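S.K.: First the structure, then my questions, so here it is.
The values are calculated or read from the model by the stated rules, or taken from the named source; none is laboratory data. The shown structure was predicted, so the numbers you read here are calculated from the model rather than taken from an experiment. All Cβ positions, glycine included, derive from the backbone under ideal geometry; neighbour counts span all protein chains shown. In case anyone asks, the SASA skips ligands and DNA or RNA and just uses the protein heavy atoms, side chains included. Shrake-Rupley method; radii C 1.70, N 1.55, O 1.52, S 1.80 Å.
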Amino acid sequence: MKKVVPLAKAREASLYGAKAVGLGDAAREGLPVPPGVALSGDLVEAIASRDEKAIEKVAKAIAALSAPFAVRSSAVDEDSAAASFAGQHLTVLNVHSAADVPDAVREVWWSANSDSAITYRQRVGLFTRPSVGVVVQSLINPAVAGVMFTEHPVTGADERLIEASWGLGEAVVAGLVVPDQFRLDRSGRVLERKAGRKRIAIRSLPNGGTFEQQVPPAQVNQLCLGDVQLTALGELALQCEKVYGPARDIEWALQDETLYLLQCRAITTGKARGEAPPPGPPPRNPVAALQRVELFAGMDRRQSEQIGRLLKERRFAKGETVIMEGTGGAAFFIIASGEATVSSKGANLATLGPGQYFGEVALIDGGPRSATVTAATDLVCYGLTFWEFRPLVESNGTIGWKLLQAVAKQLRAALDSGDKIA
């Protein structure tokens with residue numbers, strides 16, 4: 001069901017994902033959560049496909065929220081006690097206006113189908129089609145933000161470990177700074193204060209997006225939390241444990257001396273600490289794009305339309321890695337505009353342009369990428385994932401047969417030319 005609800009009404013993890021339901025639990029218990037809404041996985045997928053009714057539904061739901069926005073992933077199997085997708089699924093911060101939210105939602109959907117996310121899914125035994133809910137909240141513009149573990153994530157000691165830095169918490173989560181560290185006992189007594197090296201702060205831009213701001217030299221090694229803030233964090237840890245249970249990984253932010261809870265999930269081992277998109281999308285004609293792809297050239301118009309409806313637009317900034325050699329893959333791309341370079345083991349192999357494609361083998365076997373593809377310019381692609389393509393082929397024998405013929409033709413051509421078949 002394509003649903004969007006206020007966070008306080010997000011109760012079903014199978015619809016909205018664990019993060020949304022966790023924030024909903026917090027809102028229902030009166031914890032300090034920024035206002036927001038939860039989008040179900042099928043609504044997110046409809047927005048990724050540019051469904052106008054879905055986009056209108058979200059626009060109506062966020063009309064009462066104050067811009068700018070934070071748009072965060074909330075996949076159904078995200079951040080369980082057994083697996084954490086921190087650093088895999090995207091968070092889009094400082095989305096400037098309601099009109100920009102659908103593009104941010106599309107980027108979040110694609111992040112769950114990225115090569116890094118697919119590789120992680122394979123490693124932890126979750127190689128299934130992701131259902132990606134999304135949380136849209138009014139963005140907090142904090143003076144200080146960070147993470148807090150309600151028990152030590154390495155030693156398991158019964159104490160709070162807090163990591164903090166100036167600005168938005170992404171500087172801590174993404175490992176861009178050496179954060180300040182604080183240890184508290186369960187009563188809130190400070191056990192240790194250790195200053196970090198916080199050379200940059202992630203700040204919001206006036207017109208959307210974020211940037212890295214150099215921190216004044218006097219603040220690089222200055223502790224960014226005092227006793228009042230540490231007491232508030234100790235109390236938040238107790239509240240979160242009361243609502244969620246022990247061993248929690250909390251993301252928090254301080255704005256105007258008010259403490260906000262941004263996320264609360266189970267602590268996992270191996271937790272990763274881990275600009276503006278090109279304007280003016282090209283005319284969307286996925287059927288014409290498909291008919292230029294050798295793998296699909298034998299399809300008739302109706303079959304091409306069936307496949308074309310599954311294609312979703314994805315944009316990459318110049319210099320961004322699209323796929324990485326050796327990683328798992330589950331998506332195929334057709335270039336709509338711009339250019340991309342193909343390389344393997346450091347050697348440049350080719351430059352691809354509009355109408356050309358890559359990653360088609362991943363649609364069949366989901367295996368590791370044989371080359372790296374990088375955006376040489378701002379790049380717009382049509383993408384098709386393994387999760388969407390496989391059910392279509394399994395339910396349509398004619399498409400499956402034509403696909404098999406196309407693969408056989410490619411193999412025969414490669415053998416006739418003497419190429420090595422990997």
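S.K.: Across the range 298-329, which residue is farthest from residue 358 (Cα to Cα) among those that are part of a helix (DSSP H, G or I) and open to solvent by less than 30 Å² (accessible area, probe 1.4 Å)?
M.R.: As a first pass, look at the range 298-329 and keep what is part of a helix (DSSP H, G or I): 301-308.
Still in the list and also open to solvent by less than 30 Å² (accessible area, probe 1.4 Å): 303-304, 307-308.
Details: 303: 20, 304: 18, 307: 16, 308: 16 Å.
Residue satisfying both the conditions and the ranking: 303.
S.K.: From the list 99, 83, pick out the single residue that is within 22 Å of residue 45 (Cβ to Cβ) and modelled with pLDDT of 90 or more. Talk me through it step by step, then tell me what you get.
M.R.: Values: 83 fails: modelled with pLDDT of 90 or more.
Just one listed residue meets the conditions, 99.
S.K.: Continuing with this model, one more query. Kindly indicate whether residue 283 is at pLDDT below 90 and surrounded by fewer than 13 Cβ atoms within 10 Å (Cβ to Cβ).
M.R.: Details: at pLDDT below 90: yes; surrounded by fewer than 13 Cβ atoms within 10 Å (Cβ to Cβ): yes.
The answer is yes for residue 283.
S.K.: Is there any pair linking a residue in the range 203-219 that is under 13 Å from residue 67 (Cα atoms) to one that is open to solvent by 60 Å² or more (accessible area, probe 1.4 Å) and charged (D, E, K, R), with Cβ under 7 Å and at least six apart or on different chains, and which?
M.R.: What qualifies is 208/100; 209/275.
S.K.: Yes or no: the range 230-248 includes at least one residue that is open to solvent by less than 50 Å² (accessible area, probe 1.4 Å) and among the hydroxyl-bearing types (Ser, Thr, Tyr).
M.R.: So far as the range 230-248 goes, yes, one or more of its residues are open to solvent by less than 50 Å² (accessible area, probe 1.4 Å) and among the hydroxyl-bearing types (Ser, Thr, Tyr).
S.K.: Does the range 258-269 contain at least one residue that is touching a strand residue (DSSP E or B) at 6+ places or on another chain (Cβ under 7 Å), outside any loop (DSSP other than H, G, I, E, B) and farther than 20 Å from residue 74 by Cα?
M.R.: Yes: the range 258-269 contains one or more residues that are touching a strand residue (DSSP E or B) at 6+ places or on another chain (Cβ under 7 Å), outside any loop (DSSP other than H, G, I, E, B) and farther than 20 Å from residue 74 by Cα.
S.K.: Scanning the range 147-162 for residues that are part of a loop (DSSP other than H, G, I, E, B) and of a type outside the set (Val, Ile, Thr), which turns out most open to solvent (accessible area, probe 1.4 Å)? Can you show your working first?
M.R.: Taking the range 147-162 and keeping what is part of a loop (DSSP other than H, G, I, E, B), we get 150-159.
Filter once more, keeping what is of a type outside the set (Val, Ile, Thr): 151-153, 156-159.
On the way: 151: 64, 152: 33, 153: 46, 156: 42, 157: 34, 158: 99, 159: 21 Å².
Residue satisfying both the conditions and the ranking: 158.
S.K.: Limited to the range 28-66, what total is found for residues that are over 17 Å from residue 99 (Cβ atoms), open to solvent by 40 Å² or more (accessible area, probe 1.4 Å) and outside any loop (DSSP other than H, G, I, E, B)?
M.R.: Looking only at that region, the number is 3.
S.K.: Here's something else I'd like to know. Which ones in the range 174-222 are assigned to a loop (DSSP other than H, G, I, E, B), buried (at least 16 other Cβ atoms within 10 Å of the Cβ) and not small (Gly, Ala, Ser)?
M.R.: 176, 177, 179, 198, 199, 215
S.K.: Can you work out which of the residues in the range 120-145 that are at pLDDT below 80 and of a type in the set (A, V, I, L, M) is surrounded by the most Cβ atoms within 10 Å (Cβ to Cβ)? Walk me through it before giving the result.
M.R.: Initial filter on the range 120-145 (at pLDDT below 80): 120-130.
Cutting the leftovers down to of a type in the set (A, V, I, L, M) gives us 124, 126.
Details: 124: 15, 126: 18.
Ranking the candidates gives 126 first.
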